[in-house]
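These notes are about the structure you will find just below.
Laboratory data are not the source of any read-out in this text; all were calculated from the coordinates shown. Keep in mind that this is a model prediction, so the values were computed, not measured. Glycine gets a Cβ as well: all are built from the backbone with ideal geometry, and neighbour counts include every protein chain shown.
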Amino acid sequence: MTFKYSTLSVTSYIVVLGGVVLAALMGWGAGISFAIPLVMAIALLGLLMLGIKFEYTVLGLLCFRSAIDIFSEQQLPAIFAVGLDLLAMSYIALLLATRQKIHTNRFFWFFASWVLFQGLWVGLLPMGGLGMGTGHTMTALREWIRLFSWLMVYLLVMQLQDKVHPKTVVKGLLFSLILPLFAALLQICLPASALPTFLAPRGMAFTALENASRVNGTLGHPNTLVTFLVLFLGVLYWQMTQAKRSWPWLIPMGIVVFFIVATKALVGLVMTGILIIAVIIPRITVSKFIGATILMAMIVALFGSTEFGRERLLLFATLPFFNDDLDLSRAILLRGLTSNSFYWRLEQWTLLLDAWQQEYWLGYGLGASKFLTHFRSEPHNDYVRALVEGGVVGIISYLTFLGGIAIHLIQTCRSHLSTRVQVDLALMLLATLIAMMVGMLTENIWSHTVLFFYWFTLIALCSWDWRKPERLEHQPQGENSYV
């Protein structure tokens, strides 16, 4: 489908202005602080300017998302999610009203069915059908809206098909790295006292050394930043494999690796290693194997080059899996005597599994796991989280969804309609999925909203027909041309 420039401009202004006004009203209703008027003004001005062309609006929103988690206390990420949902639904309604084509595929309907099924737990809470009281209904609703936002991101990106070349979208997404990495650089170069309040270290840390040694950029927590960077490390690798001259892409890859190390997140170290292995295995050569080995050795060496990094690496030696003298019960008893976070994770998982046995089939509801133990925190294991919040039905649903993503990517790789470039992107996303599923064993990957925001954007891109956009790549710029 093709829009004329004038029609697109008018409809874009209407839809974007409507979304901005509704999101602003919701923000005012949520009590958003006006201490950040500059940020809000820039965001609104950017949306209005991007409204000149709808595809620019979507690309701008995609890039903007990585910069707003530091304003969580002002509810900006929540307002952004609601505004994006309204924008997506308004645009789809506009397409329906004007009888224009809406791009979907089988995975979208699988995704939509799964999100709709998650609403079961939201509906059961106010009826007293789950282990938590009705007072937790809003918590479950917020979690469901978060999942729904991922679906809307997928749907919006699907509508860019035939308007923008997929490679252009991927390159545009790289701009989302700028603000998080700039903020992380400030956190490295400046003392905490010189940083703006919203960039200062926050949250619980076991030692002052930990606070001073880790960066989180604009994403609020080092682990959230590192999973975001691991995904984009894969994207940069994919870009490098498609470039005529690959060596310039080593520079941004090196920068991303540097900041992965700067987070001092063990989960990032493990996920990076798995990503590297999973990416090279399908087409492994001696040179790729040697290069991957050298890269991983350099990452580990950089990670251990600081006192805090060495402390983190030494934690592996104290885990029950590598220490025959330490069993599970003793590890739990030692949690208060050591800074090893794995010990209190073991206790938390034990308590959550005990609680799950009281609500075996349907669990306690979306978002309930953080309220079931004295830790008052996420479970740090997404499989335990799915089991406790959804019961047996929930964990089966969760694994089915992850399996559905894997099947969709494998089918893309095997389809005769897929181009070589598209297959390479699907393989990279499949490698990232494997890394994420391993990371889910000890980290709250499922709560990393920004990661999945860009993850489903890339999956949507991978679902396009990449044979058609070739004309867009060579189309001359003019009144009706695209990016």
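Assorted remarks:
- Taking each residue as 0.36 nm, the span from Met298 to Ser193 lengthens on full extension beyond its C-alpha to C-alpha distance by 34.6 nm.
- Extension reserve of the Phe117-Leu399 stretch, reckoned as 0.36 nm per residue once the Cα distance is removed: 100.1 nm
- Sorted on the mean count of surrounding Cβ atoms within 10 Å across their residues, most packed first, peptides 100-111, 364-375 read 364-375, 100-111.
- A simple spin-label model places pseudo-atoms 7 Å from Cα toward Cβ; at Lys101 and Gln358 they are separated by 5.5 nm.
- Listed by chain and number, the lysines whose alpha-carbon sits under 26 Å from that of Lys53, ignoring those within fewer than 8 places in the same chain, are Lys4, Lys101, Lys163, Lys167, Lys171, Lys468.
- Global geometry of segment 84-193, whether rounded, prolate or oblate, following the gyration tensor of its Cα atoms and the 1.5 cut on a/c: oblate
- Its relative contact order, with pairs defined as Cα atoms under 8 Å and 6+ residues apart, puts segment 105-248 at 15 percent.
- Going from the residue with the fewest nearby Cβ atoms within 10 Å to the one with the most, Arg312, Arg245, Arg467 rank Arg245, Arg467, Arg312.
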